[in-house]
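J.: Before we start, here is the structure in question, set down as structure tokens.
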Amino acid sequence: GQQLNQSPQSMFIQEGEDVSMNCTSSSIFNTWLWYKQDPGEGPVLLIALYKAGELTSNGRLTAQFGITRKDSFLNISASIPSDVGIYFCAGQNSGYALNFGKGTSLLVTP
Amino acid sequence: GAVVSQHPSRVICKSGTSVKIECRSLDFQATTMFWYRQFPKQSLMLMATSNEGSKATYEQGVEKDKFLINHASLTLSTLTVTSAHPEDSSFYICSALRGGALSEKLFFGSGTQLSVL
């Protein structure tokens with residue numbers, strides 16, 4: 001499968017700051033998803049996007065599906081220490097298998 | 001909510017031995033399960049797609065004779081790493097698809113950390 005380009009690779013921020021990360025692909029996806037993975041655990045779905053241009057929120061998280069279907073971003077507002085983890089974007093087309101980005105490691109200091 | 005149970009969570013084995021990892025969908029039937037491998041600080045890479053009652057479909061570069069997948073029931077898929085070697089040490093994660101095509105119905109297990117000595 002194709003691996004998506006995700007940036008930044010890592011972020012080190014203070015509690016209360018906003019965070020933005022994005023994901024791009026050379027090909028089109030019908031669905032974009034954002035996951036969070038804690039060490040030694042499987043990824044947990046944060047937000048799923050199904051339509052180009054769609055902007056969806058989940059609490060302090062907001063994600064958008066790019067108009068071209070080749071990109072997506074995730075914003076986290078007012079970060080807290082428990083936001084620490086690795087965030088992955090994933091693109092999906094028919095067949096259900098996900099293509100993951102390389103991940104963004106987020107560290108939040110109190 | 002739906003739960004996918006993966007067992008064991010951690011296994012250490014000697015080189016040359018085989019290791020079986022189980023992936024169970026606890027409260028739904030999964031006709032399709034996926035197996036991923038994740039190396040430290042890397043992303044999840046799809047290894048194979050497992051369909052109940054049929055042979056698994058492997059991604060390019062994944063040896064089907066080394067990574068045996070069995071999906072004998074709608075709630076259980078197993079991955080057996082045969083004749084494991086240190087380079088097989090990795091974090092293996094399964095995911096199970098419930099119902100239709102929406103990604104919200106794709107659930108991940110908690111992963112298995114395999115260490116081959």
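The values are calculated or read from the model by the stated rules, or taken from the named source; none is laboratory data. On a predicted model such as this, the values are computed, not experimentally measured, just so you know. Cβ coordinates were reconstructed from backbone atoms using ideal geometry, including for glycine residues, and neighbour counts include every protein chain displayed. Protein only, heavy atoms only, side chains kept; ligands, DNA and RNA dropped before computing areas. Shrake-Rupley method; radii C 1.70, N 1.55, O 1.52, S 1.80 Å.
J.: I'm told A:SER10 meets every condition in (1) under 25 Å from B:VAL3 (Cα atoms); (2) within 10 Å of chain B (Cβ to nearest Cβ) except one. Can you identify the failing condition by its number?
T.: With (1) under 25 Å from B:VAL3 (Cα atoms); (2) within 10 Å of chain B (Cβ to nearest Cβ) applied to A:SER10, the lone miss is (1).
J.: Just to be sure, is B:ARG37 open to solvent by 30 Å² or more (accessible area, probe 1.4 Å) and within 9 Å of the chain's Cα centre (by Cα)?
T.: Yes; evaluated as a whole, the condition is true for this residue.
J.: Still on this model: When you look at A:SER105, is it more than 24 Å from B:PHE39 (Cβ to Cβ), open to solvent by 30 Å² or more (accessible area, probe 1.4 Å) and not aromatic (Phe, Trp, Tyr), yes or no?
T.: No, not satisfied.
J.: Please note which strands (runs of 3 or more DSSP E) are completely contained in the stretch B:54-117 and include at least 1 residues that are of a type in the set (Ser, Thr, Tyr).
T.: Details: elements: B:67-73, B:76-81, B:90-97, B:106-108, B:112-116.
Qualifying strands (runs of 3 or more DSSP E): B:67-73, B:76-81, B:90-97, B:112-116.
J.: Follow-up question, since we're still on this one. Within the stretch A:14-44, work out how many residues are at pLDDT below 95, among the hydrophobic types (A, V, I, L, M, F, W, C) and either within 17 Å of A:SER82 (Cβ to Cβ) or not in a strand (DSSP E or B) (or both).
T.: 3
J.: If you don't mind, another one. Does any residue of the stretch B:5-24 turn out to be within 10 Å of chain A (Cβ to nearest Cβ), assigned to a loop (DSSP other than H, G, I, E, B) and out of contact with any Asp or Glu (no Cβ under 7 Å at 6 or more places or on another chain)?
T.: There is at least one residue in the stretch B:5-24 that is within 10 Å of chain A (Cβ to nearest Cβ), assigned to a loop (DSSP other than H, G, I, E, B) and out of contact with any Asp or Glu (no Cβ under 7 Å at 6 or more places or on another chain).
J.: Give me a count of the residues in the stretch B:83-97 that are within 14 Å of chain A (Cβ to nearest Cβ) and either open to solvent by 10 Å² or more (accessible area, probe 1.4 Å) or aliphatic (A, V, I, L, M) (or both).
T.: Taking the stretch B:83-97 first, the residues within 14 Å of chain A (Cβ to nearest Cβ) are B:90-97.
Filter again for either open to solvent by 10 Å² or more (accessible area, probe 1.4 Å) or aliphatic (A, V, I, L, M) (or both), leaving B:91, B:93, B:96-97.
Looking only at that region, the number is 4.
J.: Got a number for residues in the stretch B:62-73 being open to solvent by 50 Å² or more (accessible area, probe 1.4 Å) and farther than 23 Å from B:LEU117 by Cα?
T.: Qualifying residue count, the stretch B:62-73: 2.
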